[in-house]
1. Could I have the simple spin-label model distance between Arg86 and Thr112, label points 7 Å from Cα toward Cβ, reported in nm to one decimal?
2. How high is the FRET efficiency from Leu134 to Asp76, r the C-beta distance, R0 25 Å, rounded to 0.05?
Amino acid sequence: MQRLAVMATLAVGAVAGAALAQGMGDTSGSGHATAGGSGGEQVYREICQACHMAHAEGGTGAGNVPALAANPHLADPDFVLNRLLRGQGGMPAFVGMLSSEQVAAVAGYVRTHFGNDYAKPVSVEDVKRLSAGLESGE
């Protein structure tokens, strides 16, 4: 019963987070969140920080939010991009909500901040390669 409650809380949080991201700052009518600009730090502060915390330490409560700080998984740019685009667990998928530029920017930001030093750039082309077919539900 407790597990079901946790799952329901995560599902509601994911839907609410996705709805917030969908409408945040979008004045273009594109359906893409602008989050006050496409800079990775700005996207992190306005969207990601709500769950992953200001210093990317993650947390526990109704569910576990993984720490991004000093996270060896972030060494692989495709790992980060797939999590952002597809979501997993309580994290919503941001494909179709954030632009390719915003996804690349925030992935690059978390890979080079919070004790992470993964300098290999994340490009918009990387995002487009991994998101091909996702928006259409394929």
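1. Here the modelled spin labels are 2.6 nm apart.
2. Working from the Cβ atoms, E equals 0.85.
Throughout, read-outs are computed from the coordinates displayed, never taken from laboratory work. Everything numeric in this text was worked out from a predicted model, so none of it was measured. Here Cβ is always computed from backbone atoms with ideal geometry, including for glycine, and neighbour counts include all displayed protein chains.
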